[in-house]
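Below is one structure; the comments refer to it alone.
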Amino acid sequence: MPYQASYVRLLKDGGLAERKAKAYRRLSCCDLCAHACQADRLRGRTGICRAGQSVTVADYGPHFGEEDVLVGQGGSGTIFFTGCNLQCVFCQNWEISQLREGETVSVETLAGMMLELEEKGCHNINLVTPTPYLPPILAALEVAAARGLSLPLVYNCGGYESLAALELLDGVVDIYLPDVKFGDDATGLKLAGAPDYFAAVKSSLTEMHRQVGDLQLDERGIACRGLIVRHLVLPGGLTGTVEIVRFIAAAISPDTYINLMNQYYPAYRAKDYPPLHRGLSAREYQAALQIAREAGLHHFA
């Protein structure tokens, strides 16, 4: 039997509409991410992410560069949102995250994008950097689900989430895909402008795993529910890989799927933050893999 997305069940009992309403109310004193800026976005104020009430999309379409368990044959149906609640000095998508390139779209248009991706044969709806736009995303999801959308929902985020937002997503998201960047708070503040970064991420990962558990695959080997953690390995050991993988293995689950990414290259303002001015060496990446294995992790996405 095909997997039924969580939000489909929530739509039927009115729960999706309730979550949407709660999310919009939070915009009056925004705490949708761990910054908890308290900006009144309903009155035109903005916080760290600089997002307002409406939703801005940079691009969308079938994507084949994601993890194999998300891509399959039809691709992952990605929607790239403009902006970010983090300010990483090495961001490789800085034109979208910091310069905020993109187009403001209506809830109806966003719903149409989701349905179009399903019609194209994508295996999931992959929301990239969605947290600043949680209310209109829930509104669009309600519209799309009422029109037949049933693909698993992937929440592809920076991991610096608030428990208030994750509570709204309980029973909505099928697959959490957080990008865990740093294993200590000081580095998170210096390189991403995020106070108490690792503390917030640990709380987020714990709640995400409580909601969806370890990754489940269907008969085709495609992910349908669960947690996948991404970790971009940085040069010079800046990411604190040891602390991250040990926490995941001990406090989340040793069966967690993790993608240790080796595609770092200097971008945005990285040249001003040595050793980020150089690429990642093969030795550094192999060391990170060994650290993860020694911690007890064994599913590498």
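In the stretch 202-243, of all residues being assigned to a strand (DSSP E or B) and within 19 Å of residue 280 (Cα to Cα), the one that is nearest to the chain's Cα centre (by Cα) corresponds to 230. Being at pLDDT 95 or above, assigned to a helix (DSSP H, G or I), touching a His at 6+ places or on another chain (Cβ under 6 Å) and not hydrophobic (A, V, I, L, M, F, W, C) is a description that does not apply to residue 190.
Here residue 114 passes the criteria (1) in contact with a strand residue (DSSP E or B) (Cβ under 7 Å, 6 or more places away or on another chain); (2) surrounded by 20 or more Cβ atoms within 10 Å (Cβ to Cβ); (3) under 21 Å from residue 158 (Cβ atoms) except the one numbered (3).
The criterion of at least 2 residues that are among the β-branched types (Val, Ile, Thr) is met by the following helices (runs of 4 or more DSSP H) wholly inside the stretch 105-179: 107-119, 134-146. Being crowded, with 22+ Cβ neighbours inside 10 Å, out of contact with any strand residue (DSSP E or B) (no Cβ under 8 Å at 6 or more places or on another chain) and in contact (Cβ under 8 Å) with a residue 12 or more places away in the chain holds for only one residue in 134, 151, and it is 134.
Return the residues of the stretch 59-93 that are of a type in the set (Val, Ile, Thr) and in a helix (DSSP H, G or I); say none if nothing qualifies. Listed by number, the residues that qualify are 69, 71. Got a sec? Which of 50, 45 is closer than 18 Å to residue 130 by Cα and part of a loop (DSSP other than H, G, I, E, B)? One residue alone meets the criteria, 50.
Taking the conditions (1) more than 22 Å from residue 101 (Cα to Cα); (2) in contact with a strand residue (DSSP E or B) (Cβ under 9 Å, 6 or more places away or on another chain) in turn, residue 35 satisfies each one other than (2). Selection over the stretch 4-41 of residues that are surrounded by 15 or more Cβ atoms within 10 Å (Cβ to Cβ), aliphatic (A, V, I, L, M) and free of Cβ contacts under 8 Å to residues at least 24 places away in the same chain gives a count of 1. Listed conditions (1) farther than 27 Å from residue 146 by Cβ; (2) free of Cβ contacts under 8 Å to residues at least 40 places away in the same chain; (3) not hydroxyl-bearing (Ser, Thr, Tyr) are all met by residue 100, apart from (2). Scanning the stretch 231-246 for residues that are surrounded by 19 or more Cβ atoms within 10 Å (Cβ to Cβ) and of a type outside the set (A, V, I, L, M) yields 231, 235, 239, 240, 241.
The values are calculated or read from the model by the stated rules, or taken from the named source; none is laboratory data. Computed from a predicted structure; not experimentally measured. As a convention, Cβ positions derive from the backbone with ideal geometry for all residues, glycine included, and neighbour counts pool all protein chains shown.
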